[in-house]
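Taking it in order: structure first as structure tokens, then the write-up.
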Amino acid sequence: MALTVLTTTAELQQYTRARLREGKTLALVPTMGFLHDGHTSLMKEGVRRADVVAASIFVNPTQFGPKEDLSTYPRDRDGDLAKCEAAGVTVMFLPEPQAMYPQGFQTYVTVEKVSQGLCGDRRPGHFRGVATVVTKLLTLFRPEVALFGEKDFQQLCVIRALAKDLDLGVEIVGMPTVREADGLAKSSRNSYLSADERQRAVAISRGLFAAQAAFMSGTTRADSLTELVRAQLRAATIREDYVELRDEATLEPLTQIVSGQRARLFVAGFLGKTRLIDNVRVG
Ligand code: AMP
């Protein structure tokens, strides 16, 4: 089926009204583009869950800090459209920043607790930007389902909270992290890595998997588990931004995993200027 490409909020609202009249269910996959198999896994799951799958590509300026990579963020519009179509997407929303944040824009969404710590502390304002743009997209599309990756686990928690607190009536689905053959989590930002950095980057997932294995053999203390990750980062000269063990549901910091508890280990680290994040469940 041909792709419908929308670029203005007025066009999108018109599309949504027509879709709701027709009674078709919609799955939405918001992205920043430069798509890879992680993104397309969300789209393919959308195909299983709804009549129509829509994706947005928007490099959202409000979620980037002043010293971050907004201007250099990789882009590939035509390649992305082809990947979306192949994954079963039939509606694309590709707004310019002006369309999302017109002159006079002044309303932001802040999710309080789960936006704190981890990337929330290291990237001030990031989750306010994410929450604002996702709320706008959910309001414009009115999807039955929206799909997000566990790769950005804190973001997933922020979006679950806003959808519930604002009664948006959408099911938020979290999907497993898609990885390269050597374990590195797929990310649009991997394209920034030099060949040497790309080889060293595998230490992030290697550390997380080592901690997972240690937990399976009985290690439950946060300091022991995080040290296993830190050792891998040091060996690969990856500069740590954070390595933390947190409760999976509340994102509260943990010193120990108690029996039956679901916890997650979170890592952020720099290879040169490139900041990569990853996380796995332990427990
Ligand atoms: P982004 O384009 O980086 O904003 O990501 C758009 C969506 O794709 C978010 O819900 C991400 O969590 C998800 N995503 C990014 N990388 C992966 C991955 N490796 N596996 C699964 N989902 C991912």
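Observations
- Pairs from the table (K113/K151; K44/K113; K67/K164; K67/K113; K24/K151; K44/K186) lying more than 22 angstrom apart at Cα are K44/K113; K67/K164; K67/K113; K24/K151.
- Sequentially through segment 149-154, phi angles give Karplus couplings (6.51, -1.76, 1.60; θ = phi - 60°) of x, 5, 3, 9, 5, 5 Hz, Gly and Pro residues having no value and appearing as x.
- For V109, the amide hydrogen comes within under 5 Å of the amide hydrogens of T132, counting only partners 5 or more places away or on other chains and with H modelled in the peptide plane.
- Anisotropy class of segment 1-50 from Cα gyration tensor, a/c 1.5 cut: oblate
- Between the beta carbons of E96 and R281, assuming R0 = 41 Å, the FRET efficiency works out to 0.60 to the nearest 0.05.
- Applying 1/(1 + (r/R0)^6) with R0 = 51 Å to the Cβ-Cβ distance of D223 and R21 gives a FRET efficiency near 0.35.
- The shape of segment 142-283 comes out oblate: with a ≥ b ≥ c from the C-alpha gyration tensor, a/c is at least 1.5 while a/b does not beat b/c.
- Excluding exposed DSSP-loop chymotrypsin sites (Phe, Trp or Tyr not before Pro) (at most 13 other C-beta within 10 Å), longest clean stretch of the chain: 109-283
- Among A235, A87, A131, the residue with the largest mean-square fluctuation in a Gaussian network model of the chain, with springs joining Cα atoms closer than 10 Å, is A235.
- Exposure here means at most 15 other Cβ atoms within 10 Å; with GluC sites (Glu not before Pro) in a DSSP loop as sites, the longest stretch of the chain lacking them is 113-283.
- Contact order, relative form, for the chain: 17 percent (alpha carbon pairs under 8 Å, 6 or more residues apart, mean separation divided by residue count).
- Amide H to amide H distances under 5 Å link T177 with E150, K151, where only residues 5 or more positions off or on other chains count and H is placed in the peptide plane.
- Remark on L271: its backbone amide H falls under 5 Å from those of L276, a criterion applied only to residues 5 or more positions apart or on other chains, H modelled at 1.01 Å from N.
- Candidates S187, S71, S41, ranked by Gaussian network fluctuation over the chain, Cα under 10 Å, top entry: S71
- Shape class of segment 83-165 from the alpha-carbon gyration tensor: oblate, with a/c at 1.5 or above and b/c at least as large as a/b.
- Residues of segment 35-58 with amide N under 18 Å of the 7 Å Cα→Cβ point at F105: 56-58
- Sparse-neighbour loop sites [trypsin sites (Lys or Arg not before Pro); segment 7-50; at most 15 other C-beta within 10 Å; DSSP]: K24
- Rounded FRET efficiency, nearest 0.05, which uses the C-beta distance separating T72 from A2 and R0 of 35 Å: 0.60
- The residues packed around A249, meaning those with a beta-carbon under 12 Å from its beta-carbon, carry a net charge of +3 if Lys and Arg are +1 and Asp and Glu are -1.
The numbers here are math on the coordinates, done by the rules we state, and not lab data. It should be emphasised that the depicted structure is a prediction, and the values quoted were computed from it without experimental measurement. Don't worry about glycine lacking a Cβ; one is built from the backbone with ideal geometry, like all the others, and counts go over all protein chains shown.
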